[in-house]
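First comes the structure, then the notes that go with it.
Every number here is computed from the coordinates shown, using simple stated rules; none is lab data. In this text the structure is predicted, and so the values were computed from the model without any measurement. Neighbour counts run over all protein chains shown; Cβ positions are idealised from the backbone, glycine included.
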Amino acid sequence: MADQDRPATGGINISNAHGNVSVGDNNQVSYTVHGAQATARDPLQEELLTAIRALRADLGRLVATDATTVLDAELADAEDEIEGTGAAGRPRLARLRLALTDAGAVTGILASGVAVGQAVGALLGG
């Protein structure tokens, strides 16, 4: 039956959609990757992930030191953990906080370093 032959019911028909589609009030859209349903990240974790990426980009423009090399490794691990599981766990956040402290001379002057520190503090509760 062609679409023009269908009786009007007031509904919406979407066929052959690729990607996410949401119509109407109180909708929830999910995205499935290889059979596993992806979950939305906590906004604080998302904020941390954005700050981590900015700090890693800033660190890449600086002369590396032992402290910044360790910090970059912790940032990369935290980024991978958030991407893989949706959240950086407390042990990872504690290691990240320590690495930020150890590289404080550099991260204290970078807005991205301050942002990572604030996001970690918010997630660790202080």
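In sequence order, the stretch 68-74 has phi-based couplings of 6, 5, 5, 4, 4, 5, 5 Hz under the Karplus curve 6.51 cos²θ - 1.76 cosθ + 1.60, θ = phi - 60°, and Gly or Pro positions carry x.
Tally Lys and Arg at +1 and Asp and Glu at -1 over the other residues with C-beta under 15 Å from the C-beta of Ala87: what net charge comes out? List each step's numbers first, then the result.
Values: positive: Arg41, Arg90, Arg92, Arg95; negative: Asp42, Glu46, Glu47, Asp77, Glu79, Asp80, Glu81, Glu83.
Net local charge, Ala87 excluded: -4.
Within a 10 angstrom radius of the beta carbon, how do Leu49, Leu110, Leu124 rank from fewest other beta carbons to most? The partial results should precede the final answer.
Values: Leu49 21, Leu110 17, Leu124 12.
Placing the least packed residue first, the sequence is Leu124, Leu110, Leu49.
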